[in-house]
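The values are calculated or read from the model by the stated rules, or taken from the named source; none is laboratory data. If you're wondering where the values come from, they're calculated on a predicted model, not measured in any experiment. Please note: Cβ atoms are built from the backbone with ideal geometry, for glycine as well, and neighbour counts cover all protein chains shown.
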Amino acid sequence: MTSFTVNGRPVEIEGQDDKPLLWILREDLGVLGPKYGCGIAECGACRVLVNGVSVPSCMTFASDVAGASVVTVEGLEAPDGTLSAVQQAWIDEQVPQCGFCQPGFMIAATALLAQVPRPTDAEIDGAISNICRCGTYPRIRRAIHRAAGALSAQG
Amino acid sequence: MARLLSRRGFLVTGAALGGTALVAGIAGVGYLATVDVDGLDTFVDGDRAGLNAFVVVHDDGRVVVNVPRAEMGQGIHTGLAMLVAEELDIPFDDRISVVFPTEPLPAYSTWYNVLRVRPEEASGPVVWAGQRVLGLLGFIATGASSSTIALWHPMRVAGASARSMLIAAAAARLGVPVAELDTAGGFVRHAATGRSLSYGELAREAAVLPPPRDPVLKPEAEWRLIGRSQPRVDVPAKVRGAPVFGLDVVLPDMLHAAVRHAPVFGARVLRVDNGAAVRAEAGVVDVAIIDGRQVAVVAASWWRAEQAAARLEIAWTSTAADGADSDEMSARLQAALVSDAPYQNLDEGDVETLLGTGPAGVIEATYEVPFVTHACMEPMNATVIVRADGSAEAWVPSQGPIGVRTGVFRGCNWAGVEPTSVTSKITMNGGAFGRRSDLDVTAQAAFLASRHRGRPVKVIWSREEDIGRGLYRSHAAARMRAALGPTGLPVAYDARVAAQSVIESVAGRNLPFNPGPDGDALSVEGLDKPYYAIPSRRVRSQHVPGHMPIGLWRSNGFSFNTFFAESFIDECALAVEKDPLAYRRGLLQDRPRHLAVLDRVAAMAGWGTEMAPGRGRGIAIEECYLSVVAQVAEVTVAADGEITVDRVFCAIDAGTVVNPDAVVAQIEGGIAFGVTTTLMSAITIADGAVEQSNFHDFPMQRLANAPAVEVAIVESAFSPGGVGEPGVVPVAAAIANAIHSATGRRLRSLPLAVTETIGERRTRSVLPPRAA
Ligand code: FES
Ligand code: FES
């Protein structure tokens, strides 16, 4: 039996030792924000925060997150529904096209800004290796700068 | 739901009258005449009033816009809803929502894609009959960058018609003449008395009134929304991570299926050696052979099904293609370039003679591109239920209900089931790029659902099945020749392409008839360069049969032909030591629209300014999807040959632009798609099978190698053109031309790589003796 929290909600998982966290989230817990894009830690569509660190959930297992806090895109907004600075920047810059990759990008951006509050373009490019087939990269860069500005204005 | 009124029967008395008279002798015209392609039927259902097929107004004033086109990231739901809101005279806010209608009304038909006539210009018997036949067939699809072109007029008419009915309802309620009423903010107002009524309270009364015969559209000067960027209606849900995609469909009692396709396309399942053992695994519900060609594992969890599928031991039949490999297939392309009997697509002037006598010499070059695939971020998936009563329902991230419906019938028929009805629910598409116009995965889900009646079955292809066992854009090669005249400009242009026909392949899989490969417009588009002032031109094509399944792919033939032709024009320019921009300008003297786009992009990029050693700039232009698009790429080529695309500038004349920011986004995305293809993408074949399987060996652009992109929309008086595909089209040639400018190396095959051999490999360019 493994216990952890998902978006603040305690969960217990039994007998799914070989099943990646991505599919535990999607199939067993009904948390559909993290997406399956490759299954081999290449694309980042499945990224979630584990204790604040962005990890590909397709290559993460329940044992890796025992006792941890797992946050998915659904957990980025405040309990009252207020969007996070990253999410708001994603709307303000109209980042998503199809949107399928964006949960992973917003998770990666959230983790980056927690570590590097005002990243340069080079730091963004170096830190986030997710794939967007629709090619929203210029807007992702702009949105991260915007979110960084909003977060530092909040102090 | 109660349908209150039918205009069927007198619709044909309007603009289509000429058509009616001309085709009246054809059997079935009377029936066809009843087909409502305007979609102006109304209905009242609970608190909703449908004022026509596109506009539904709720009692509380919310407006639902039916947009019969798939949202796959291009922002079409927003753009088309803006058109309705513009004419309905309501603010573009969160009281507007968009749905993909489930009912395949004739008004939703994508007839434009077949008939190629703008609705506002449609006339004549062929168009009249075509609209109705395609409407009856439920031909509703999204593609060919056509949605705004095709619905620009009908959506505005729908909005204007609804507004006029709401005004008429208010006039009746208030007992005042229509002329004394106006609208604002979702209300009909009577200025003289200060009274106003909301659209919500008028909607049901409006729905029983006859739609106006010729609703008057707003003049351009009064537009408040068209041409002003509006936020996308689908973005908030996507930013919250809402389950909007087909992959996210969850239904009670749902089963999950993973599939295995033959490594060599065309092979059939000989036997499954361990089917019983896999079937007996915990959680597995079924192991099924689909159509003799694929094997599916059905389980309570997709991940379990996929693990079990990986353990299947499947023996496949051998095929004639078992020994095929990329080198041999490439050799067949090259051989086809000199075959005896190419299809002649175009022959103007006297190309053959001029090629023998080009005053300034003859330029010749051969180019080639490999197979590539779509790699939509959302893996292929479909969910289908076939109920005990025979009714079927499908949830699919698809480019249109016609494919879903056909796929459900096909899959059910494999199982010996004839569905009594099919309801198509089109979810958000996590990318599509032509891939989701096919019905393969839907048919698989329908087959499995027919075996598990009453339970929804969701099929998901793993990324490995998507990249290695999916659909492909054809490889292609071209031999280009030009005879240069005294000014250095071509006097004759001869283009010949060899490719596996996309039409032949798509039709072979999915249509009841096959027009065959000859004259396949999608294989030659981008080759004829009709806007360049070249007096003699010839275009020929040779279909190269092959075992690979070819699918529609973002910009189809333009994706290779524009690379061929715009690289070649550069070669011609440089052969006579002309600046590539000036050379193109010389060929476009009678084309102000093209010149404006070309000059704009050149100005953006600072064309002609000095660049550091190892850096270069390249330009390319194309007219496609009723738009004109030009790009300049800036590259850096390192000493070790590594190519970096630093910036891409793009100017586009896409006619009247509805939602400018969405157009910019489409061009940005198209450029990313094009840069990825140009530098990274190759599907290769060994022993008949695709060698790539996932993003580690079919790599994608990422942030680290995404160039900066600048897009300019050129002001235009034309009607809207397409924008989904044009952004892709000039990229490859612009980059190849830039690399030549940076290094002096002419790269003629994709993906571009600066090595010792590539670039020289297929070069047969014979530079002319320099004319004095
Ligand atoms: S699905 Fe996990 S990285 Fe792609
Ligand atoms: S928005 Fe479609 S893959 Fe990124």
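When the criteria are applied in full, residue A:72 meets the requirement of being among the β-branched types (Val, Ile, Thr), touching a strand residue (DSSP E or B) at 6+ places or on another chain (Cβ under 7 Å) and within 11 Å of chain B (Cβ to nearest Cβ). Just checking, does segment B:658-679 include any residue being at pLDDT 95 or above, charged (D, E, K, R), in the same structural domain as residue B:628 (by TED's automatic domain parsing) and touching a Cys at 6+ places or on another chain (Cβ under 9 Å)? Yes, segment B:658-679 contains a residue that is at pLDDT 95 or above, charged (D, E, K, R), in the same structural domain as residue B:628 (by TED's automatic domain parsing) and touching a Cys at 6+ places or on another chain (Cβ under 9 Å). In segment B:278-305, the residues that are closer than 15 Å to residue B:262 by Cβ form Cβ pairs under 6 Å with partners that are part of a helix (DSSP H, G or I), at six or more places apart or across chains, as follows: B:290/B:444; B:290/B:447; B:291/B:414; B:296/B:448. Scanning segment B:172-198 for residues that are β-branched (Val, Ile, Thr) and either in contact with a Phe, Trp or Tyr (Cβ under 7 Å, 6 or more places away or on another chain) or part of a helix (DSSP H, G or I) (or both) returns a single hit, B:178. Under the condition of being under 28 Å from the mean Cα position of the chain (by Cα), surrounded by fewer than 23 Cβ atoms within 10 Å (Cβ to Cβ) and among the polar types (S, T, N, Q), the residues counted in segment B:484-538 number 2. Tell me whether segment B:557-564 contains one or more residues that are among the hydrophobic types (A, V, I, L, M, F, W, C), surrounded by 21 or more Cβ atoms within 10 Å (Cβ to Cβ) and free of Cβ contacts under 8 Å to residues at least 60 places away in the same chain. Taking every residue of segment B:557-564 in turn, none turns out to be among the hydrophobic types (A, V, I, L, M, F, W, C), surrounded by 21 or more Cβ atoms within 10 Å (Cβ to Cβ) and free of Cβ contacts under 8 Å to residues at least 60 places away in the same chain.
Looking across segment B:417-439, the residues that are under 30 Å from residue B:472 (Cβ atoms) and of a type in the set (A, V, I, L, M) come down to B:422, B:426, B:428, B:432, B:439. Filtering segment B:103-161 to residues that are at negative phi, surrounded by 21 or more Cβ atoms within 10 Å (Cβ to Cβ) and among the polar types (S, T, N, Q) leaves B:109, B:110, B:131, B:142, B:146, B:147, B:148, B:161.
Among residues of segment B:565-592 that are on the phi < 0 side of the Ramachandran plot and outside any helix (DSSP H, G or I), those with a beta-carbon under 6 Å from a residue that is surrounded by fewer than 21 Cβ atoms within 10 Å (Cβ to Cβ) and among the aliphatic types (A, V, I, L, M) at least six positions away or on a different chain give the pairs B:588/B:595.
Matching residues to (1) closer than 30 Å to residue B:654 by Cα; (2) within 14 Å of another protein chain (Cβ to nearest Cβ); (3) in contact with a strand residue (DSSP E or B) (Cβ under 6 Å, 6 or more places away or on another chain):
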{"site": "B:225", "(1), (2), (3)": "yes, no, no"}
{"site": "B:246", "(1), (2), (3)": "no, yes, yes"}
{"site": "B:260", "(1), (2), (3)": "no, no, yes"}
{"site": "B:263", "(1), (2), (3)": "no, no, yes"}
{"site": "B:278", "(1), (2), (3)": "no, no, yes"}
{"site": "B:300", "(1), (2), (3)": "no, yes, no"}
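For beta carbons closer than 6 Å, sequence separation of 6+ or different chains, a first residue in segment B:488-511 that is of a type in the set (Ser, Thr, Tyr) and a second that is part of a strand (DSSP E or B), the qualifying pairs are B:493/B:482; B:493/B:537; B:501/B:543; B:505/B:550.
Screening A:47, A:26 for residues that are surrounded by 22 or more Cβ atoms within 10 Å (Cβ to Cβ), touching a residue at least 40 places away in the same chain (Cβ under 8 Å) and closer than 27 Å to residue B:380 by Cα leaves exactly one candidate, A:47. If we keep just the residues of segment B:350-394 that are within 14 Å of chain A (Cβ to nearest Cβ) and more than 16 Å from ligand 1 (Cβ to nearest atom), which is surrounded by the most Cβ atoms within 10 Å (Cβ to Cβ)? Per the criteria, the residue is B:383.
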